[in-house]
1. Give the label of the value calculated from the structure for Rg and Dmax of the Cα atoms in Å, choosing from (1) 19.4, 60; (2) 20.4, 63; (3) 20.1, 69.
2. When a footprinting reagent is the concern and you count Cβ atoms within 10 Å, what order do THR157, THR122 take, fewest first?
3. Explain nothing, just the number: dipole magnitude of the stretch 1-68 about its Cα centre with +1 on each Lys and Arg Cβ and -1 on each Asp and Glu Cβ, in debye rounded to the nearest 20.
4. Quick one: compute the contact order of the chain, relative version, from alpha carbon pairs under 8 angstrom and 6+ residues apart, as a percent.
5. Between LYS5 and residues 5 or more places away or on another chain, which pairs have amide H atoms under 5 Å apart, with H built 1.01 Å from N, and which residues are they?
6. Quick one: order SER153, SER198 by neighbouring beta-carbon count within 10 Å, fewest to most.
7. To the nearest 0.05, what FRET efficiency results for LEU105 and ARG31 with a Förster distance of 41 Å applied to their C-beta separation?
8. Magnitude of the Cβ-charge dipole of the chain, K/R +1 and D/E -1, about the Cα centre, nearest 20 debye?
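Here, each number is a calculation from the coordinates, and none is a lab measurement. Because the structure is predicted, anything quoted here is derived from the model rather than measured. Please note: Cβ atoms are built from the backbone with ideal geometry, for glycine as well, and neighbour counts cover all protein chains shown.
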Amino acid sequence: FTSFKDESNIYLALEFIAGGDLFSYMQIQERLNEDHTRFYIGQIILAFEYLHGCHIIYRDLKPENIILTDRGYIKLIDFGFAKRTTKPTSTMCGTPQFMSPEIILQKKYDKCVDYWALGILTYELLTGDTPFDGENDEELFEAILHNPIYFQSTIFTTISANFIQGLLIRNPFQRLGCTMHNSLDIRYHPWFQQYIYSFEQLEQQSIPAFYIPLNFTDYTNYPLKSIKVTPLINPINDKIFDNF
């Protein structure tokens, strides 16, 4: 909203979001049930529909970049990797666990990389873990490119597994959200069709949230370092921000 500085610090006044980030929330909850997961994933689909309609590829979906409002709904933050483009792009960027095969292989890609990341996030919310792992980025990328996805029968239903498999199709032209029907493939997938609420209700924020912060001083889902660290700048760096 505004910015200012003093002799030691630079201050950026941003919108206050009371609920913290989804990553910190998941550290407490460990995993979410299907309805709770659908509640968040449905909102992300709405956000992607808007961004993609503006020709913006987000490219960094992950729990750390999803924050919870005082009403329990979500907002996407950190658009550092986002790109407005009407043509396929090829920059290798994002968070490794959420990178799609086409990004890893440095092929031309489009909005379909966001729907791959949505599949990874859906799996993580339901299990507490991402579906692909490795000791280093090389092993992780190898797993993303070649390993099958393990669906624990006590967690996944046939429909939820099918939904995630559809988003994690390695061929982007066959991926959910990437066919000629675009996001309608996702909206009308059985996993959302069995949801008792509609996307219109999500957009209107008329669905009771599963988690609502207690009050504006509830820091449960904020990392301690984000509220206790005092940032300092030295005299050399300070000159950069003259008249900031």
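1. (1)
2. Values: THR157 15, THR122 23.
Lowest to highest Cβ neighbour count: THR157, THR122.
3. Numbers: 5 positive and 10 negative charges, 33 e Å.
For the stretch 1-68, the charge dipole is close to 160 debye.
4. Once normalised by length, the contact order is 25 percent.
5. When sequence neighbours closer than 5 places are left aside, the close amide H contacts are TYR11.
6. On the way: SER153 8, SER198 14.
Lowest to highest Cβ neighbour count: SER153, SER198.
7. On the way: r = 31 Å, r/R0 = 0.75.
Here the calculated transfer efficiency is 0.85.
8. Rounded to the nearest 20 debye, it is 640 debye.
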